[in-house]
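Working notes for the structure below.
The values are calculated or read from the model by the stated rules, or taken from the named source; none is laboratory data. Keep in mind that what you see is a predicted model, and the values were worked out from it rather than measured. Here the Cβ positions follow ideal geometry from the backbone for every residue, glycine too, while neighbour counts run over all protein chains shown. Keep in mind that these areas ignore ligands, DNA and RNA; they rest on the heavy atoms of the full protein, side chains included. Shrake-Rupley method; radii C 1.70, N 1.55, O 1.52, S 1.80 Å.
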Amino acid sequence: MKYAKLILILSAVLHIARAGEEELEALIFRLNSDVIELRNEVESSIATRCDSIRGCLKSSYDECQSAYTELQSCPSESELGIVFTVCGAGSRCNGLIDYSVSTVRIPENLAQGPDRNPTNPAVIEDVCMTLPTQRWMVKKYWEEKTFWSSLGVARPQMYFGSDTGVFRIYPARQSEECGKYDPRTRPWYQAALPSTISNAVKPRRVIIMLDTSRSMGEKLNARSEQTKLSYMKQSVIAVLNTLSPNDSIAVIRFAEIPRLVNRPSQVPPYLWEKASKATVANIIDIVNALEVNGRSNWNDAFGFAFNLINDSLESNAAIGDESYCDLENIAVLFFSDGEYNLPAGATDESVVSFVSAKVTETENMGDNHVHMFLYTLGHNDPSGVEKKISCAVDGYWKPVLQGTSPVNVTNGYQTLFSTPLGTDAFYNYTTWSNPYNFTSGRLGYTVSSLVYDRNVEPPRFEGAVGMDVSVDAAIRVFNGTLLETEDAIKRITRDITVQNYNTTCDQQRINLTKCEIQSIRHYAGGNAAVCIPEKTQTVSTTPATLPVNATTNITVAPEVDGETD
């Protein structure tokens, strides 16, 4: 009799466990499909953004400046799924929420106009082009009320974070702090980036080179109080904050002598290291404390950087991943003001030749691809040496004078390294973050998907969408402990990935045509960043003049002193 009771108890426990996993699986599959629908809506808005801008004036609600509609309500924790502690326990009223509209949050450094309005055209466009998705968000929220109620889970928040820093979230609510939220630095956004979506995807190898010679202490431009050095620091910290722990990082400061910023006394071989939270935080502290000194020796700096890259590629400890893929995509981000003093007798041509030879040497070592991004602070001369280097190595140059937020300076780098995920092979790829603290303080998960402008080639990265569920809700659905629930989520999401995707090296290859490279140059750096091919003797078969509208979407840079570079 005792054994019969024990069998009944065990069978009941097993039944509950199976039911819990089935419900958790239903939750995960629903969030996966819903976030893909949200991605599709945002991409549809991107495709028709010219139409959306017409009705954009005063149509979006700011996190702090706006008065919301009369439809605001005060839901309980069970209805909203989160608690705002400043409003109390949340058992009855948990803060004012507007289910009829969405909220836009813009980082304070991008909201410099009257009433916290943005002035940057790209930021304004991102606010306007995502407004039509609000209708879908509202509709979806109410359509799925029955499903989420059946699981005893509050309906998930829905949001989009753009690569410019714009964040649109539904349902709408005001923020406790204004201008402090930047989606690009949040765990859910970083988890969606290419190097973090799967162990099968190769991590980024990022080398950042910082000119700290005396001239970098000068003003960025005549009307700016900011120095080139301070601007560079902000730009670099923005890049560091987007790295995932899977990525590798090395930051080199140089003037007359190059050194790793966080290991100045290290002896060769120099190696990159994993971008752990502790490593990135330490590097940021050191970058913030950098000062200018001495003259600038570019050849020694580039020599040091490529020796580090080559030594790291030959070191199992530095490679440190178990991927079957030998492909390496390496980003070199070079910040300077276009001025070098050393070595004696150096010319633009000798510097370009030196860097080109180093790139070729590294790429000939294996399936290695070096992608160079050069930023000239305080100058926009398209005949400068940094522009010449970019043209010689299929790289990307951006002049930086004013009007560009330091956070957005490296948008070309982010766009290029996100191109593989814009292909058909990854069209329905989603990723689940590890548990992290929401801004409300509640621990939770976000499922996200990358968003692209698919009207251009290659598809251009625009940001990421996300939907979330709290850890407490997932535990209740699964009916297990925190560790058991985490294991179940990892198992279910891993099965989805294995079932739907079989990532190959070729699908991760950044292998653009010359025209596609020019397109990203123009997108990131404007007309001046486009490289003009050397003149060749050809017989023209076109009329001497063309109609005004018969132009491509890329305008070449004007000639300088009668000669193209």
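Quick notes on this one:
- Accessible-area value, PHE354, 1.4 Å probe, nucleic acids and ligands omitted, Å²: 60
- Under 12 Å from the Cα of LYS180 - aspartates and glutamates, other chains or at least 8 residues apart: GLU63, GLU108
- ILE252 sits among other residues whose Cβ lies under 11 Å from its own Cβ, and their net charge, with Lys and Arg +1 and Asp and Glu -1, is +1.
- Reachable lysines from LYS387, criterion Cα separation under 20 angstrom, eight or more residues apart if same chain: LYS228, LYS358, LYS398, LYS514, LYS535
- Inter-label distance for GLU363 and LYS219, nm, one decimal - labels placed 7 Å from Cα along Cα-to-Cβ: 4.1
- FRET efficiency estimate (nearest 0.05) - Cβ-Cβ, SER276 to ASN40, R0 45 angstrom: 0.80
- Extension gain, SER59 to ASP300: 0.36 nm times the residue separation minus the Cα-Cα distance gives 81.4 nm.
- Comparing Cα centroids, segment 126-160 and segment 366-394 end up 43 angstrom apart.
- Near ASN455, once Lys and Arg are set to +1 and Asp and Glu to -1 for all other residues with Cβ below 13 Å from its Cβ, the sum equals -1.
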